[in-house]
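Only the coordinates and a few stated rules stand behind these numbers; no lab work does. Just so it is clear, the model here is predicted, and its values are computed rather than measured. Ideal geometry is used to build each Cβ from the backbone, glycine not excepted, and the neighbour counts take in all protein chains shown.
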Amino acid sequence: MTIYFGYEKGQVMQALRYHFISRPEIRIMLILVNVFALTSIILYAFLKITAMAFFVGSFLWIVLMISFWFILPGMVYRKAVTFKHKFSMNFEENGFTLEHEKGSKSWPWNALKNYMESPHFFHLYFDSRSFFLVPKSGCKDSDEVYELRQLLKAKVKPPKSP
């Protein structure tokens with residue numbers, strides 16, 4: 001199966017958010033910050049902390065959420081020239097090949113450690129920080145998306161559950 005694709009900024013930003021939120025260390029930090037925020041609301045309601053302490057905690061929560069939702073994905077998007085090019089990708093029984101106007105690169109299936117699916121992409125992970133986004137929009141129709149999903153399930157370690 002061969003698919004052809006480019007990237008749309010809004011969809012890539014959403015996929016990068018999925019990537020960051022799926023990281024265990026970030027997920028734990030977000031949970032802890034949200035527990036901190038809820039605790040500060042409760043303590044403020046029972047007059048155990050001052051308004052200034054509550055506002056400082058709220059400000060930190062807002063800064064952290066903006067960082068993970070906008071700043072971090074934006075920085076990755078701006079730095080990666082990959083998202084500005086057009087590609088074709090060929091999926092075969094022994095591996096897959098990524099082609100670009102300047103060349104191509106092939107990998108065996110065992111080069112992938114796992115994969116994840118988000119609404120617009122398949123995230124193919126080479127390791128915990130190195131991944132490639134394969135847009136579902138590159139597929140001709142929903143049947144081809146299903147076929148690609150089944151191929152990934154058969155060839156790559158199953159996705160981690162959230």
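Observations on the structure shown:
- Sites counted here are chymotrypsin sites (Phe, Trp or Tyr not before Pro) in a DSSP loop (not H, G, I, E or B) having no more than 13 other Cβ atoms within 10 Å; the longest part of the chain that contains none of them is 47-125.
- Cβ charges +1 (Lys, Arg) and -1 (Asp, Glu), total dipole of the chain, debye: 500 debye
- Amide H contacts of residue 131 (H built 1.01 Å from N, under 5 Å, at least 5 apart or other chain): 126
- Amide H contacts for residue 121 (H built 1.01 Å from N in the peptide plane; partners 5 or more residues away or on another chain; cut-off under 5 Å): 136.
- GNM result for the chain, Cα springs below 10 Å: residue of 23, 129, 149 fluctuating most strongly: 129
- Under a model in which nothing but the beta-carbon of Lys, Arg (+1) and Asp, Glu (-1) is charged, the range 9-79 shows a dipole of about 280 debye around its Cα centre.
- Other residues lying with their Cβ under 11 Å from the Cβ of residue 121 contribute a combined charge of -1, Lys and Arg counting +1, Asp and Glu -1.
- Relative contact order (%) - criterion: Cα under 8 Å, at least six apart; region: the range 9-79: 44 percent
- The modelled label-to-label distance between residue 4 and residue 80, using points 7 Å beyond Cα along the C-beta direction, is 2.3 nm.
- Under 18 Å from the Cα of residue 86 - aspartates and glutamates, other chains or at least 8 residues apart: 8, 99, 101
- Under 13 Å, Cβ to Cβ, from residue 86 - net charge with Lys/Arg +1 and Asp/Glu -1: -1
- Modelled label positions at residue 53 and residue 35, each set 7 Å beyond Cα in the direction of Cβ, lie 1.9 nm from each other.
- Listed pairs 9/157; 79/157; 84/157; 113/157; 105/140; 102/155 exceeding 18 Å between Cα atoms: 9/157; 79/157; 84/157; 105/140; 102/155
- Around residue 151: net Lys/Arg minus Asp/Glu count, Cβ-Cβ under 11 Å: -1
- Whole-Hz ³J(HN,Hα) from phi, Karplus 6.51 cos²θ - 1.76 cosθ + 1.60, for the range 45-62, glycine and proline x: 4, 8, 6, 8, 10, 7, 4, 4, 4, 5, 5, 5, x, 5, 4, 4, 4, 4
- Ratio of Rg to Rh over the range 9-79 (Cα coordinates, Kirkwood Rh, two decimals): 1.11
- Modelled spin labels at residue 140 and residue 64, positioned 7 Å past Cα toward Cβ, are 4.8 nm from each other.
- Across the options 54, 26, 15, the greatest Cα extent toward the positive end of the charge dipole of the chain (unit charges at beta carbon of Lys, Arg, Asp, Glu) belongs to 54.
- Residue order, fewest to most beta carbons within 10 Å, for 13, 52: 52, 13
- Over the chain, dividing the summed -39,500 (n - 2.57) contributions of all DSSP H runs of at least 4 residues by the number of residues returns a 222 nm mean residue ellipticity of -15000 deg cm²/dmol.
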